[in-house]
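For reference, the structure discussed in these notes is given below.
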Amino acid sequence: MKRYVQKKAKICFVAGREETYSRTHMILTGLRAAGYEVVTCLPPAKSFKHYPRVIWDFFRKKRGCDLIVVGFYGQLLFPFIRLLTRKPILYDVYISTFDTMVHDRGKGAATSFLARFYWWSDALSMRWADRIILETVDHIFDYAKKFGIPEKKFFHIFLATDDKVVHPKEKKKTNGKFLCHFHGEYAPFHGVKHILRAADLLRDEGVHFQIIGTGITYEQDMQLARDLNLENCTFIDWVPYNELADYMSRADCCLGIFGENPRTERVLTNKVIESIAVARPLITAKNEPVQELLKDGDSALLVERANPGAIADAVLKLKKNEVLKEKIATSGHAVFKKNCTLAIFSQRLTKIVEEMLN
């Protein structure tokens, strides 16, 4: 007797960032891991100049697809996607333009014309979507209220990372120094300046800082490092993503975000997930999204934001207490395996996709 296997749906994935970008990679890998046939409409690099080509690719490739998935950064692509298809759309909104540009980067007052444009780009794209993915329940409550979107449209999936790439590795010796690791794009909400001031407080404590990345606040932060004459910091502009776990695994602890602006209160961030993925103890600012996943003193050390002294105290607490250090590393990694692996992400994404298709 012949057996008939139900064919998996065909999905068109459209995003404003290239395939190697972490969030694009995660969504695409999650869909493919679930067995869907996925056609992609993605730019080759980070630039709005590629968007016309992305829209043209969508026009050519959308036929025969059962579902459209719009990824980051989809706000400016959404009007064209909605105009060109009546297929159901799942939207991985990921980051709010309004929050990023107004609350993090200070590009205009909240009531300015530019801010209203950012707000409408978020609001309309979410209104046109059939279902929306966000990383925490706190984000869902915030976005629903802020942009006037029904809560029933939102679905929660914790941030994840590709644990085939980012995973625990054997810790290498670091010349007797207690090594703190940070990586990021120097966004204002990262609060790199507070890490540098914490390094200044710890200059005589046998603590060294490994800071990877460049970005918006880079020049100001490098000037601060020069002014403070920080000899206990090593700055690295960039490392390949597939080598990130090597650098993180050298460290005794990893650092998250510490900025003072409102966005710091509203984000979880990839670096938090990557830190617990490699089983390193994490220090990061306390906020509601982080506390949905991690518990202070158990799976992370959560500190007051914009407080270099609190960062320094947390580092010394781990340095002086090996038992606590190992407990937080082990508990954090257990949280990761339960909530944030690629397999878990794919399962939760598949459930939403299947409900939309059926």
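Nothing in this text is a laboratory measurement; each read-out follows from the coordinates by a stated rule. This structure is a prediction, so every number in the text was calculated from the model and none was measured. Quick reminder, even Gly has a Cβ in these numbers, built from the backbone with ideal geometry, and neighbours come from all protein chains shown.
Using a/c under 1.5 as the rounded threshold, could you call the range 144-233 rounded, prolate or oblate? The axes a ≥ b ≥ c are square roots of the C-alpha gyration tensor eigenvalues, and prolate needs a/b larger than b/c, oblate otherwise. Note, shape of the range 144-233 comes out oblate.
Could you sort the peptides 253-260, 291-298 by per-residue average Cβ neighbour count (10 Å cutoff), highest mean leading?
Values: 253-260: 25.5, 291-298: 16.4.
Order by mean packing, descending: 253-260, 291-298.
Projecting the Cα atoms of 191, 299, 90 onto the dipole axis of the chain, where Lys and Arg carry +1 and Asp and Glu carry -1 at the beta carbon, places 90 farthest toward the positive end.
Rounded to the nearest 20, the Cβ-based charge dipole of the chain about its Cα centre (Lys and Arg +1, Asp and Glu -1) stands at 1600 debye. In the chain, the DSSP beta bridges split such that about 0 percent are antiparallel, to the nearest 5.
Ranked by Cβ crowding within 10 angstrom, fewest neighbours first, how are 32, 280, 86 ordered? Walk me through the numbers on the way to the answer.
On the way: 32 14, 280 27, 86 8.
Least crowded to most crowded, the residues run 86, 32, 280.
Which of 224, 213, 234 sits farthest toward the positive end of the charge dipole of the range 200-268, with +1 on the Cβ of Lys and Arg and -1 on the Cβ of Asp and Glu? The one lying farthest along the dipole's positive direction is 213. What FRET efficiency comes out for residue 60 versus residue 219 if R0 is 45 angstrom and r is the Cβ-Cβ distance? Round to the nearest 0.05. So the FRET efficiency works out to roughly 0.60.
In Å, what Kirkwood hydrodynamic radius results for the chain from the alpha-carbon pair distances? Show your work: numbers first, answer last.
Numbers: mean 1/r = 0.0468 Å⁻¹.
Evaluated over the chain, this radius sits at 21.4 Å.
Projecting the Cα atoms of 81, 128, 59 onto the charge dipole of the chain, computed from C-beta unit charges around the Cα centre, puts 59 farthest toward the positive end.
Of 102, 39, 137, 272, the sequence from fewest to most neighbouring Cβ atoms within 10 angstrom is 137, 39, 102, 272. In the structure shown, the pairs 61/351; 62/107; 171/317; 87/295 are assessed against 30 Å; a Cα-Cα span above that value is assigned to 62/107; 87/295.
Along its principal axes, the range 178-339 has C-alpha extents of 42, 32, 31 angstrom, given from the largest down. Evaluated with a Cβ-only charge set (Lys, Arg +1; Asp, Glu -1), the range 178-339 carries a dipole of roughly 420 debye about its Cα centre, given to the nearest 20.
Percent relative contact order of the chain, based on C-alpha pairs within less than 8 angstrom and at least six residues apart? Mind showing how you got there, number by number?
On the way: 671 pairs, mean separation 55.2, N = 358.
So the answer I get is 15 percent.
For the listed peptides 126-136, 182-192, a ranking on the average number of other beta carbons within 10 Å per residue, highest first, reads 182-192, 126-136.
In deg cm²/dmol and to the nearest 500, what is the mean residue ellipticity at 222 nm of the chain if only DSSP H runs of at least 4 residues count, each as -39500 (n - 2.57), divided by the residue total? Please list the in-between numbers first.
Values: 13 runs with 144 residues, N = 358.
-12000 deg cm²/dmol, from helical runs alone.
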